[in-house]
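Step one of this worksheet: look at the structure below.
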Amino acid sequence: MDHSFLSAFILLLLVLDPLGSLPIFVSIMKSVPKERRARVAGREVGIASIALLAFMFFGDVFLRVMHLSERSLEVAGGVILLIIAIKMIFGAAGESAYGLEPGKEPFIFPLAVPLLAGPSAMATVLLLSSRQPDRIWDWIGALLAAMWVSGLTLLMADRIRRLLGDSVISAIEKLMGLVLTAIAVEMVLAGLKRYFVGGL
């Protein structure tokens, strides 16, 4: 299936899923000082954009050099998401589900990678660039536009937290953990299925 700029933008927006990740954004950003939040959000979105642009141009080469497949990338991402999801559901009060030390702001992990620039996003940009390489500038524009929307959602996370309250956010986070568990298991199963059915 050939994509247009608009269809690629919508596809990337669905894959990045900023609204679905909103409870995670809120949970992570609440530990960041208010005056630092805009800078942190911009930095993490920038890092994720660079990672996805690099994967768009060099992802296929990297996978070949490392003797990796998209299937292994999908399974690895699913395992990481599963660990995060379990911590989200069963973590103690005040404990970070994302491997962050108390009082420390996120840097690369988990906002930039794997939340924004995750395995599914990497696979999507790789698919776009490999199937229609002559339209690479369209794919770059679609990716940057989708990342801008994700960054805007991240910037509004604190406003949404104030609107809903900590207890509601905590409940949503645990609910999101349940959903994330199903997504993670689905990713692992899809990767394993493609590995065993589709071969190496």
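The values are calculated or read from the model by the stated rules, or taken from the named source; none is laboratory data. Here the structure is a predicted model, which means the values were calculated and not measured. Here Cβ is always computed from backbone atoms with ideal geometry, including for glycine, and neighbour counts include all displayed protein chains.
List the helices (runs of 4 or more DSSP H) that sit entirely inside the range 22-91 and contain at least 1 residues that are farther than 29 Å from residue 137 by Cα and among the aliphatic types (A, V, I, L, M). It would help to see each step written out before you state the result.
Values: elements: 22-29, 37-65, 70-90.
Qualifying helices (runs of 4 or more DSSP H): 22-29, 70-90.
For every residue, the table says whether it meets (1) touching a strand residue (DSSP E or B) at 6+ places or on another chain (Cβ under 8 Å); (2) of a type in the set (A, V, I, L, M, F, W, C); (3) at pLDDT below 80.
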{"position": "51", "(1), (2), (3)": "no, yes, no"}
{"position": "54", "(1), (2), (3)": "no, yes, no"}
{"position": "70", "(1), (2), (3)": "no, no, yes"}
{"position": "79", "(1), (2), (3)": "no, yes, no"}
{"position": "92", "(1), (2), (3)": "no, yes, yes"}
{"position": "100", "(1), (2), (3)": "no, yes, yes"}
{"position": "106", "(1), (2), (3)": "no, no, no"}
{"position": "126", "(1), (2), (3)": "no, yes, no"}
{"position": "135", "(1), (2), (3)": "no, no, no"}
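Among the residues making up the range 8-19, a single one is part of a loop (DSSP other than H, G, I, E, B) and either more than 30 Å from residue 132 (Cα to Cα) or free of Cβ contacts under 8 Å to residues at least 24 places away in the same chain (or both): 17. Total residues in the range 13-49 satisfying the condition of being at pLDDT 85 or above and of a type in the set (Ser, Thr, Tyr): the figure is 1. Each residue in the range 45-67 was checked for being touching a Leu at 6+ places or on another chain (Cβ under 7 Å) and closer than 14 Å to residue 115 by Cβ, and 4 of them qualify. Restricting attention to the range 1-46, which residues are surrounded by 20 or more Cβ atoms within 10 Å (Cβ to Cβ) and more than 18 Å from the chain's Cα centre (by Cα)? Listed by number, the list holds a single entry, 32. For the range 132-170, residues that are within 18 Å of residue 112 (Cα to Cα) and among the polar types (S, T, N, Q) total 2.
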